[in-house]
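Presented below is the structure to which this report refers.
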């Protein structure tokens, strides 16, 4: 059954930061882009690098292993060597809680 799950507080992530969380057995990367929160799978489709550890510039995150870039708002792969995008998840803020729909 799909629903929103609390994954942290708004104070856990500064703008331009990512964080890894596990929800229902899935590793998900949460990003704060200028106060808006986005969630995508935490594994690059090239070799599995943790996207939550990548550099965030605007709405893009760069995989720390081989430099593939992804759009954190959609999961779309923007540059090689990533062959495909990653799943993205709806997020919402309730009070100070960041929630992800899984």
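Here, each number is a calculation from the coordinates, and none is a lab measurement. From a predicted model like this one, the values you see are computed outputs, not experimental measurements. With ideal geometry, Cβ positions are generated from the backbone for all residues, glycine too; neighbour counts draw on all protein chains shown.
The figures follow:
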{"read-out": "Subset tally (residues that are in a strand (DSSP E or B) and touching a strand residue (DSSP E or B) at 6+ places or on another chain (Cβ under 6 Å)) for region 28-44", "value": "8"}
{"read-out": "Residues (within 12 Å of residue 20 (Cβ to Cβ) and either touching a residue at least 60 places away in the same chain (Cβ under 8 Å) or in contact with a helix residue (DSSP H, G or I) (Cβ under 7 Å, 6 or more places away or on another chain) (or both)) located in region 44-60", "value": "none"}
{"read-out": "Residue that is nearest to residue 93 (Cα to Cα) [pool: residues in region 20-40 that are in contact with a helix residue (DSSP H, G or I) (Cβ under 9 Å, 6 or more places away or on another chain) and surrounded by fewer than 19 Cβ atoms within 10 Å (Cβ to Cβ)]", "value": "35"}
